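A.B. asks: Structure incoming, see below.
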Amino acid sequence: MGVIRVVWGAATAPTELASYDAALAEANVHNYNLVRVSSVVPADASIEVVGEAPDLGPAGERLTVVEGRATVAPGDADRAAAALGWSREPDGPGIFYESSGGDPEAVRRQVEDGLAAGRRLREWDFGDHGTRVVSADADPDGYTTAVVLAVYGESTPLL
């Protein structure tokens, strides 16, 4: 059985990309090449909400993720808010939904609405569910990014 870990971070840096990299560092996934997938949980996977990823393999390898990500510019009035939610059969497949924006409660509602719509599309017996919202105030001196990711398994070689 594989493990999907839910991790998150928020950080500020002088550029948009640097703030994203720093937020990934908070989640300990900054040394991997992230490959986004479309949000289906395999039936034989377990989901662990851990905050920070353990060592998942050598730097530079591929890491499969579902990602919620928000970035705000210096001095922006909004917050950076990212959310990830999941719903699944107790011992079966499931779905992830992600959202981002400036209002933590709005992104939570978007995830909940998305999960409800996804459940209506599938004839599964959904029972297990969860949501993680990460937010950070805009900084007057730098870009601020919030991320929350579902990380599938361990890294794999790119080459």
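A.B. asks: With the condition kept exactly as written, say whether any residue in segment 112-128 is under 29 Å from SER155 (Cβ atoms), surrounded by fewer than 15 Cβ atoms within 10 Å (Cβ to Cβ), among the small types (Gly, Ala, Ser) and more than 18 Å from the chain's Cα centre (by Cα).
C.D. replies: No, that holds for no residue.
A.B. asks: Select the strands (runs of 3 or more DSSP E) contained entirely in segment 1-82, then report the ones holding at least 1 residues which are modelled with pLDDT of 95 or more and among the basic types (Lys, Arg). Outline the logic, then answer.
C.D. replies: Details: elements: 3-13, 33-36, 46-51, 62-72.
It comes to 3-13, 33-36, 62-72.
A.B. asks: Being modelled with pLDDT of 95 or more, part of a helix (DSSP H, G or I) and either in contact with a Pro (Cβ under 9 Å, 6 or more places away or on another chain) or closer than 30 Å to PRO14 by Cβ (or both), is that true of even one residue in segment 139-152?
C.D. replies: No, segment 139-152 has no match at all.
A.B. asks: Moving on. Being without any contact (Cβ under 8 Å) to a residue 12 or more places away in the chain, farther than 26 Å from GLU112 by Cβ and not small (Gly, Ala, Ser), is that true of even one residue in segment 4-16?
C.D. replies: So the first thing to find is which residues in segment 4-16 are without any contact (Cβ under 8 Å) to a residue 12 or more places away in the chain, and the list is none.
There is no residue in segment 4-16 that is without any contact (Cβ under 8 Å) to a residue 12 or more places away in the chain, farther than 26 Å from GLU112 by Cβ and not small (Gly, Ala, Ser).
A.B. asks: If you don't mind, there's one more thing I want to ask. For segment 29-44, what are the residues that are more than 17 Å from LEU84 (Cα to Cα) and crowded, with 19+ Cβ neighbours inside 10 Å?
C.D. replies: TYR32
A.B. asks: Return the pair list, or none, for Cβ contacts closer than 7 Å from residues in segment 27-56 that are touching a residue at least 12 places away in the same chain (Cβ under 8 Å) to residues that are outside any loop (DSSP other than H, G, I, E, B) and polar (S, T, N, Q), at least 6 apart or on different chains.
C.D. replies: Listed by first residue and then by second, the contacts come to TYR32/SER155; VAL35/THR64; VAL37/THR64; LEU56/SER155.
The values are calculated or read from the model by the stated rules, or taken from the named source; none is laboratory data. As the structure is a computational prediction, the values presented were derived from the model and not from experiment. Cβ sites come from the backbone with ideal geometry, for glycine too, and all protein chains shown count toward neighbours.
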